[in-house]
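FYI, it's all coordinate maths here, none of it is from the lab. In this text, all values refer to a predicted model and were calculated from it rather than measured experimentally. All Cβ positions, glycine included, derive from the backbone under ideal geometry; neighbour counts span all protein chains shown.
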Amino acid sequence: MCYNVKALLESQLKRARKQGHYQDAQDIQLKLFDMGVTNLYQSSGFTHPKMLIYIDQDSEPLVGIWGLIPHWVKDNAQKVKLWNTTLNARGESIFEKPSFRDAAKSKRCLIYLDGFYEHHHLGGKTYPFFIRKQDSEPFAVAGLWSEWMDRENKSKLITFSIVTTIGNPMMAKIHNNPKLEGPRMPVILPEELADHWIDPGKSQKELNELLLPFPEELLTAHTVYHIAGKDSKGNVPAAEEEFIYPEFKLN
């Protein structure tokens, strides 16, 4: 799946700057920090961080909260019950599942990451990996988004989910969680195809053709120190640094 990510603020802003938005880098970063959008060196979706999402090809990004809340959710109790189950959306079923089908049809977005973390299970232990592009460049992943009105305090929340697909051969070796049905990975979109995902004119068939595993030869992965529990380094730059476990070797 994709529950832990690295997404630096500069990387999240890269698309906006390329389009001519946010020329004053320092000013906009301070504004986003005030809104709760910060550098994510290693952040869990279960903490529901705020991130930038791009919902169309030209406009400025929106600030979204990770964990999609469908528009039909009635109240905060239902929101809390559902929230942690919508961090990811399986690409194979987004047009069918009630939580995602409306968004899949008309509310698709892009989220920019520097990398993501996954665990390998072996001998009752887990070994975390950091996965990024070979060239270390940020990349776009397919997302779904939603607007939800909190009727209790009359506020509007923009939320999103990361779409996943079957893991490529490299991810098949790393992501071997016995509780899941096969390896998964986020849908990483090649730069030339990213706009296709948010094109409102694309058919369901055309969109499904984008939900493919990213080529393993364009990615690299290494083990890192614990990213969960009391020994975790937390959300710090060192989270992605390579850490060798003497007893572990990936076959």
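Give the whole-number value, in cubic angstrom per residue, of the convex hull volume spanned by the C-alpha atoms of segment 146-251.
Taking only Cα atoms, segment 146-251 has a hull volume of 214 Å³ per residue.
Val80 to His121: extension gain in nm, 0.36 nm per residue of separation minus the Cα-Cα distance?
11.9 nm
Let me know the Kirkwood hydrodynamic radius for segment 20-103, please, with Cα pairs as the basis and the value in Å to one decimal.
Working: mean 1/r = 0.0673 Å⁻¹.
After inverting the pairwise mean of 1/r, the radius is 14.9 Å.
List the GluC sites (Glu not before Pro) within segment 1-101 that fall in a DSSP loop (any state other than H, G, I, E or B) and whose Cβ has at most 13 other Cβ atoms within 10 Å. Each step should come with its number before you reach the end.
Working: sites: Glu10, Glu92, Glu96; in loops: Glu96.
In loop regions of segment 1-101 (DSSP not H, G, I, E or B), the sparsely surrounded GluC sites (Glu not before Pro) are Glu96.
Of all DSSP beta bridges located in the chain, what percent are antiparallel, nearest 5? Could you put the intermediate results ahead of the total?
Working: 43 of 48 bridges.
Roughly 90 percent of the DSSP beta bridges within the chain come out antiparallel.
Give the angle, between 0 and 90 degrees and rounded to the nearest 10, that separates the Cα long axis of helix 9-18 from the longest principal axis of the Cα atoms of the chain.
50
Got a sec? How would Arg17, Arg184, Arg151, Arg90 order by Cβ neighbour count within 10 Å, fewest to most?
Arg151, Arg17, Arg90, Arg184
At 20 °C and 1.002 mPa s, what whole-number value in µm²/s does Stokes-Einstein give for the translational diffusion of the chain, with Rh from the Kirkwood sum over Cα pairs?
115
Rank the residues Ser44, Ser99 as a footprinting-exposure proxy: fewest other Cβ atoms within 10 Å of their Cβ go first.
Ordered by Cβ neighbours within 10 Å, fewest first: Ser44, Ser99.
For Lys202, give me every one of the aspartates and glutamates with a C-alpha distance below 16 angstrom, ignoring sequence neighbours fewer than eight places off in its own chain.
Asp56, Asp102, Glu192
Please report Ile28, Ile244, Ile162, Ile188 as a ranked list, fewest other C-beta atoms within 10 angstrom at the top and most at the bottom.
Fewest-to-most Cβ neighbours within 10 Å comes out as Ile244, Ile28, Ile188, Ile162.
So which chymotrypsin sites (Phe, Trp or Tyr not before Pro) in segment 32-133 are both in a DSSP loop and have at most 15 other Cβ atoms within 10 Å of their Cβ?
Hits after loop and neighbour filter: Trp72, Phe95.
Tell me, Kirkwood radius of segment 90-183 from alpha-carbon pair distances, in Å?
The Cα-based Kirkwood calculation yields 15.6 Å.
If I build a Gaussian network model for the chain, linking alpha-carbon pairs within less than 10 angstrom, which residue out of Lys107, Lys133, Lys74 has the largest mean-square fluctuation?
Highest fluctuation among the options: Lys74.
Let me have the 222 nm mean residue ellipticity of the chain computed from DSSP H runs of 4+ only, each contributing -39500 (n - 2.57), with the sum over all residues rounded to the nearest 500.
Estimated from H runs of four or more residues: -5000 deg cm²/dmol.
Using only the alpha-carbon atoms, how far is helix 25-34 inclined from the longest principal axis of the chain? Give it as 0 to 90 degrees, nearest 10.
90
Between segment 151-173 and segment 1-72, what is the separation of their alpha carbon centroids in Å?
Spelled out, the Cα-based centre of one part sits 13 Å from the other.
Which of the peptides 169-178, 199-208 is most tightly packed, and how do the rest follow, going by the mean number of other Cβ atoms within 10 Å of each residue? Please list the in-between numbers first.
Values: 169-178: 16.7, 199-208: 11.8.
Ranked from most to least packed, the peptides come out as 169-178, 199-208.
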